[in-house]
Every structure is written in structure tokens, then in C-alpha cells.
Amino acid sequence: MKVLQAIVIENDLDVIKLLKQFEIENSVLFSVIAFVDDCKNITSLINEKKPDVLFICKDQFTYDPKILNDLTVRKPKIIIASKDKCDAYEAFGHNAIDFLLKPLNTNSLIISIYKTIKYLEMETVFQDDVLGKIKTINSLQQKFEYVSIASVDKIELLKIEDIIFCKADGKYTEFYTTNDARMISSRNLGEYTLTLSNNFFRIHHSYIVNIKYLVKIIKNNGLFCELKNGHILPVAKRRQEEFMKFINH
């Protein structure tokens, strides 16, 4: 079972203290990656921290679902807590995963966290099923024309020939394309290595490049690839010899 990564929006010191103690006692289930006291800059924080859940104290803040519109990562699940049980109607109207009535207690927190983890696991199972079907279709066609870009709430198909390079970002993968777009998958880079073959080479543990878009190789205290979109990426020292053979074959 995964550890639920949370950003908490709260300015009640008693609640913060309770959540910190809860985190210590339930570290195998729950981890707070940031406490903030308002919604300012929350979009950029979510993009940076990539939480599983946003825990919002309803007493001080009015939740506006539009704050999640400009995310470049998957949308976190929402848990809303309030002293007013009437706020539950609004919370679930905004597709909150759960509503907690204050004052908070350990039992209700554990139930809410288990509920959120199970929901995320079900989404992952569904996503894996869809990806499995896509892989089956690709294998039957004897070639890969598209790669599936999977996030929790959607799966997009990207033409492989339009990929300039891929970049690992923790458990995510960023795809940079010929139309200057950047697409983010919730799958790690290693899961794409078999699909991306032929013109693709993993020059570094963080990068796979399409040599079709290689402009030049720079030798300056190491080896670097300059690509068509202007990005300059390093070639890992242990991969340099194999890479030179690959582009010269």
C-alpha cells in the first residue's frame, strides 16, 4: 500500500499539531509534504510537489476548483474539513474524495486516508487495464506508431515520430515534441524504453533522445547532444561509447 502524499492548507495551529502527530504515528500511510496557510501560489506548489491529495480546511478558505485548472501534473484528490457539516454538500459537489467534520480525530482521518488510497489504487488498476489493451493492439500491428501518455484522469496517444526527447522526473516522464508541446505521463521513464526503439537511445538515466532530431554532438568536458528544439542534453560517461556506435551504425 502506498504512502499518501499530502499538501495541507490550514492555519489552525491545533489542527496542524494534530496532523503532524498523526503523520508520525501513521508514517506508513500518510506524509505531509507541505503545510501552507492559504491558497496563494498553490498551483505552482502542486506542480512542484506532485501531491496525491490536497487537504483543505474549509473554515478559513473557500475552495475554488479552478485553482487546479492550470496544473501540469495530475490533479490531486481533495479532502475538505470543516466545523459546519453543511459544507459537506459543497465539498462533494466539487468532487472531493471525502469530507471530515471538525474537530478532527484519528479514526476519521485513518478512514479517509484508506478511502483515498483505495480510490487511487482502483484508478491505477483501470489505467493499467487500458494500457494493457493498447500494448496488445500495438503488438498485433507488429509496430509501434503511438505511445500512450497516461495520467490518472486521462490517457493520450502521441505519435512516436513526433517525440524529440523524453525526460525522467521522479515517478513521472516528460515528453518534448516537435510542436514545442510538453506532455507529462504518470509512468516512469523505464516503462517506455521498450516502446521507444529504432531511432531512440537512452543517453542518460534521465533522458531518451530521438536521434532523428539530433543537430550536433558537442564535446566539452563530456559529451552533449544538441537537439532540434534547442535543448542540450548530457550523455552519461558510461553510455558515450555505445551512443557513438549507435549513431554511426
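Every number here is computed from the coordinates shown, using simple stated rules; none is lab data. These numbers were taken from a predicted model, which means no experiment stands behind them. Positions of Cβ are generated from backbone atoms using ideal geometry, with glycine treated the same way; all protein chains shown enter the neighbour counts.
Observations on the model:
- Proxy reagent accessibility, fewest Cβ within 10 Å first, across Met122, Met183, Met244: Met122, Met244, Met183
- Residue-wise HN-Hα coupling along the range 180-192, computed from phi with Karplus coefficients 6.51, -1.76, 1.60 (Hz; x: Gly, Pro): 6, 8, 10, 10, 10, 10, 7, 9, 7, 4, x, 6, 9
- Of all aspartates and glutamates in the structure, the ones whose alpha carbon falls short of 12 Å from that of Lys212, not counting any fewer than 8 places away in one chain, are Glu161, Asp162, Glu226.
- Panel order for Tyr192, Tyr213, Tyr114, by other beta carbons found within 10 Å of each beta carbon, from fewest to most: Tyr114, Tyr213, Tyr192.
- Net length available on complete extension from Cys86 to Ile110 is 6.4 nm, with 0.36 nm assigned per residue and the Cα-Cα distance removed.
- Bridging of Lys154 to aspartates and glutamates at a Cα separation below 18 Å is possible for Asp52, Asp70, Glu121, Glu123, Asp128, Asp129, Glu174, Glu191, once same-chain residues fewer than 8 apart are set aside.
- Measuring against 26 Å, Cα to Cα, the residue pairs Lys167/Lys237; Lys20/Lys40; Lys50/Lys237; Lys159/Lys228; Lys216/Lys245 contain Lys50/Lys237 as the ones spanning a longer distance.
- Shape category assigned to the range 4-124 from the gyration tensor of Cα positions, a/c cut at 1.5: rounded
- Projected label points at Val28 and Arg182, each 7 Å from Cα along the beta carbon direction, are separated by 3.8 nanometres.
- Amide H within-cut-off set for Lys77, under 5 Å, with H built and near neighbours excluded: Val53, Leu54
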